[in-house]
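To start, the structure itself, in structure tokens.
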Amino acid sequence: MVLDADLGRSTRLTVFEERFPKRYIQVGVAEQNAVGIASGLVYAGYRPVFVSFTMFTIGLCWTQLRQAAYAGLPIKIIGTHPGYDIGPDGGTHQMFEDLALARVIPELDVFCPSDVVETRAALLTALASPRLTYVRVGRHPVPVIHREPLDFPIGRAEIVLDKGRDYVLLADGSMVFTALEVAEQLAAEGQRVSVVNVRTIKPLDVELISELGQQARLIVTIENHSVYGGLGGAVAEVLASAASHSALLRIGTLDRFGESATTEQLRQANRLDKSGVLEQIRNRLL
Amino acid sequence: MTLIPVPSTGVSPAVNGSGRTPAHPALDDATHRLLRERSLRVREHVLRTAAGGGSFVGAALSCVDLLVYLYTCFLRVDPADPDAPDRDYLFLSKGHAVPALYGVLAEIGLLAPQRLRRHLHTDDVIYWHPNPQVPGVEFYSGSLGHLLPVAVGVALDCRLAGNPNRVVVMVGDGELNEGSNWEALLVAAAYRLDNLTVVVDRNGFQANLPTEALIPLEPLEAKFRAFGCETARVSGHDFAALAFTFHRLPLRGGAPSVVIADTVRGRGVPSLEARADRWFVKAKPDEIESWLRELRQTNQIGER
């Protein structure tokens, strides 16, 4: 069963509604209600999926989600239009805190697929999982970097570029492509650099990140999210557990709200596009 | 631009809940003409925001007449001192309709009209959703169901402080799906907040479907009454009817007032009216010019 809170046109749930009208439930502009109803649908044996903007899922329904996780319900949340992906809607709609908010809820998994092929794999894995799962889906168009068929192993990050381990770029979602662009440039300049797609923010691939933390001179996290509590925060927690470890540069949004402009303008202004990320890394090259 | 003084909306009745304001004066011809002229100009402003990145034109056009009426005849807001502590408050909860508010603020002299040409520019704050950095905008909105509770808080604050400010919050009909509105009304009724008026822009649509086809809201008056409010239902495009209704506020002493204003999405441009697919509109300059011509043809001032 799929639940919509009157954003079907934006999330493309209208396509699902047309094909599977009997498995589509419209609850109106009432997101907390949607999660409550989804919790109830589990009792009839369904695996409900609630789809809305990142802000209106994790942001608006946090206590309902926490309760569903506490009850061990296999609800699936698909959060779309994360961070700057929602562009002109501005500060009220731009969500940079969802990974932090979702990650702290016990027994809840967080997936961040990086392209359309991986999104499909992530959704299939999420649907098969007995746990409450949040899948963060980008709106900003990115090239396809994966090939079908693709596995989406929970808790395992993916090394998507391996040209040495001096500099390791860890990215999630739509920022994986940006990280690849940046790494290709650095590699062309003679740097030994790798890119890791942290496709599941939770559970995190602690083993790989710990290992990289002993190899790299600098680890860089790149995310369309606040540098507090998301990918950068999670990686910092892992690195700091070792007595000595790589230096860490966290790239993302800082301690301020978004503003209204196109996604491209916002990524550029906040140094999250290729040249902005490159500049931030260059300032820290060792 | 000056506000039309409205002598009958005295301060004390709303505050102590002890009585109604006197019978309203008829809307005189000059005021009626001013309202229509302003509405026409505000609609022109709204249509122009469809250029570039677009805006929520349909949702804005439905509440133009309401906002023009409120800012011209009802709200005590001084364009020379928009932050005056004794001002009345207007909260736009259906934040995506903000082009209508920008247009009104421009017409009453709070917002330089040339700033409207900077809609969505990165070097200004004329956004898709309200930003209080714009003079006259009271609060952020855009995430639906958020400002009725805020308005209840402000009304409660005014009540506790013994201040005469009146609080008006405009909500969309679709956003009444959000439970937060009804939680707020329970509190408003419990505290007998008759300094609070909820205006429902009842244009019959939410996002891309008619409200009654999605999550039916009717009978809406009965719902508000059951929550302890007093209601009036009025055409949101009829200034004389609006004057009659707003001069009666509070509709009942000791109760929050709810004015359900029946409106038309896209009102003023027949080819945009009452269309499910004209909530958000992005248009090319020649398309906008054609709507502007249509608007002027169908809204000629001087006949009614």
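Taking the Cα centre of segment A:2-137 as the origin, how large is its charge dipole in debye, to the nearest 20, when only Lys and Arg (+1) and Asp and Glu (-1) carry charge on their Cβ atoms?
Computed about the Cα centre, the dipole is about 440 debye.
Using the Cα gyration tensor of segment A:16-72, with a ≥ b ≥ c the square roots of its eigenvalues, what is the shape: rounded (a/c below 1.5), prolate (a/b larger than b/c) or oblate (neither)? Please report the intermediate quantities before stating the final value.
Numbers: a/c = 2.26, a/b = 1.24, b/c = 1.81.
In terms of gyration-tensor shape, oblate.
Under 10 °C and 1.306 mPa s, how fast does chain B diffuse according to Stokes-Einstein, given a Kirkwood radius computed over C-alpha pairs? Answer in µm²/s, whole number. Working shown, then result.
Working: Rh = 19.2 Å.
Approximately 83 µm²/s, per Stokes-Einstein.
Short version: which residues of segment B:208-230 lose at least 20 Å² of accessible area, all chains versus chain alone, 1.4 Å probe?
Those residues are B:N208, B:L214, B:I215.
Set Lys and Arg Cβ to +1 and Asp and Glu Cβ to -1, take the dipole of segment A:148-286 about its Cα centre, and tell me which of A:L285, A:G190, A:T262 lies farthest positive.
A:L285
Taking all protein chains as present, what is the carbon and sulfur share of the accessible area of the protein assembly as shown, in % to the nearest whole number, probe 1.4 Å?
That share works out to 53 percent.
Once you've got the Cα coordinates, tell me which of A:K76/B:K94; A:K22/B:K223; A:K163/A:K202; A:K22/B:K284 are over 31 Å apart.
Numbers: A:K76/B:K94 29 Å; A:K22/B:K223 29 Å; A:K163/A:K202 26 Å; A:K22/B:K284 39 Å.
Where the Cα-Cα span goes over 31 Å, the pairs concerned are A:K22/B:K284.
Determine the residues within segment A:17-42 where the difference in accessible area between the chain on its own and the full set of protein chains amounts to at least 30 Å²; count protein heavy atoms only and use a 1.4 Å probe.
A:Q26, A:V29
Would you tell me the mean number of C-beta atoms belonging to other protein chains that fall within 10 Å of each C-beta in A:262-268, as a whole number?
The shielding value for this peptide is 1.
Compute the acute angle (0 to 90°) between the alpha-carbon long axis of helix A:175-188 and the principal axis of greatest extent of the alpha-carbon atoms of chain A; round to the nearest 10°.
20 degrees
For n ≥ 4 DSSP H runs only, could you compute -39500 (n - 2.57) per run for chain B, divide by its residues and tell me the 222 nm figure to the nearest 500?
Mean residue ellipticity, 222 nm, calculated: -10000 deg cm²/dmol.
Rounded to two decimals, what is the ratio between the C-alpha radius of gyration of segment B:148-192 and 2.2 N^0.38 Å?
1.18
With viscosity set to 0.890 mPa s and temperature to 25 °C, compute the Stokes-Einstein D of chain A, Rh being the Kirkwood radius across alpha carbon pairs; µm²/s, no decimals.
Values: Rh = 19.1 Å.
Roughly 129 µm²/s, to the nearest whole number.
List, largest first, the extents of the alpha carbons of segment A:130-177 along their principal axes, each in whole Å.
Taking the Cα atoms of segment A:130-177, the three principal extents are 38, 25, 21 Å.
Among B:V42, B:V134, B:V168, which one moves the most in a GNM of chain B with springs linking Cα atoms closer than 10 Å?
B:V134
Over chain B, calculate the relative contact order: mean separation of alpha carbon pairs under 8 Å at least 6 apart, over the residue count, as a percent.
The normalised contact order for chain B reaches 25 percent.
Going by a ≥ b ≥ c, the root eigenvalues of the Cα gyration tensor, does segment A:26-155 fall in the rounded group (a/c under 1.5), the prolate group (a/b larger than b/c) or the oblate group? If you can, show how the numbers build up before the last one.
Numbers: a/c = 1.76, a/b = 1.13, b/c = 1.55.
It comes out oblate by the Cα gyration axes.
Considering the dipole of chain A built from charges on the beta carbon (Lys and Arg +1, Asp and Glu -1) around the Cα centre, which of A:L7, A:Y43, A:L208 is farthest to its positive end?
Final value for the positive-end residue is A:Y43.
To the nearest 20 debye, what is the magnitude of the charge dipole of chain A about its Cα centre, counting +1 on the Cβ of each Lys and Arg and -1 on the Cβ of each Asp and Glu?
My answer is approximately 300 debye.
Gap in Å between the Cα centre of segment A:145-220 and the Cα centre of segment B:184-204?
Computed from Cα coordinates, the inter-centre distance equals 53 Å.
Put simply, what bits of segment B:127-153 lose 30 Å² or more of accessible area when the other protein chains are there, versus the chain on its own (1.4 Å probe)?
Residues shielded by partner chains are B:Y127, B:W128, B:H129, B:S143.
Averaged per residue, what accessible area in Å² does the protein assembly as shown show with a 1.4 Å probe, protein chains only?
Numbers: 23270 Å² over 590 residues.
Roughly 39 Å² per residue, with all protein chains present.
Out of the DSSP beta bridges found with both residues in the protein assembly as shown, what percent are antiparallel (nearest 5)?
On the way: 10 of 67 bridges.
Of all bridge pairs located within the protein assembly as shown, approximately 15 percent are antiparallel.
Rounded to the nearest 100 Å², what's the accessible area chains A and B bury against each other, both chains counted, probe 1.4 Å? Walk me through the intermediate numbers first.
Numbers: alone 12630 and 12250 Å², together 23270 Å².
Its buried surface, counting both partners, is about 1600 Å².
Taking a ≥ b ≥ c as the square roots of the eigenvalues of the Cα gyration tensor of the protein assembly as shown, is the shape rounded (a/c under 1.5), prolate (a/b larger than b/c) or oblate?
Prolate is the answer for the protein assembly as shown, as a/c is 1.5 or above and a/b outweighs b/c.
Between the DSSP loop rule and a limit of at most 16 other Cβ atoms within 10 Å, which trypsin sites (Lys or Arg not before Pro) in segment A:68-168 are left?
Passing sites in segment A:68-168 are A:R131, A:R147, A:R156.
By how many degrees, between 0 and 90 and to the nearest 10, does the Cα long axis of helix B:285-298 differ from the longest principal axis of chain B?
With both axes taken from Cα atoms, the answer is about 60 degrees.
When the Cα centres of segment A:19-66 and segment B:246-304 are compared, how far apart do they sit, in Å?
Rounded to whole Å, the Cα centres lie 33 Å apart.
Expressed as a fraction of 2.2 N^0.38 Å, the rule-of-thumb size for a compact globular protein of N residues, what is the C-alpha radius of gyration of segment B:212-304?
Details: Rg = 17.4 Å, N = 93, 2.2 N^0.38 = 12.3 Å.
For segment B:212-304, the normalised Cα radius of gyration is 1.41.
Rg/Rh for segment A:158-285: what does it come to with C-alpha atoms and Rh from Kirkwood?
0.95
Using a 1.4 angstrom probe with every protein chain in place, what is the largest-first accessible-area order of B:I108, A:I145?
Values: B:I108 5, A:I145 60 Å².
Greatest to least solvent exposure: A:I145, B:I108.
The values are calculated or read from the model by the stated rules, or taken from the named source; none is laboratory data. These numbers were taken from a predicted model, which means no experiment stands behind them. So basically every Cβ, Gly included, is an ideal-geometry build from the backbone, and we count neighbours across all protein chains shown. Side chains are part of the model used for accessible areas, which takes the heavy atoms of the whole protein and leaves out ligands, DNA and RNA. Shrake-Rupley method; radii C 1.70, N 1.55, O 1.52, S 1.80 Å.
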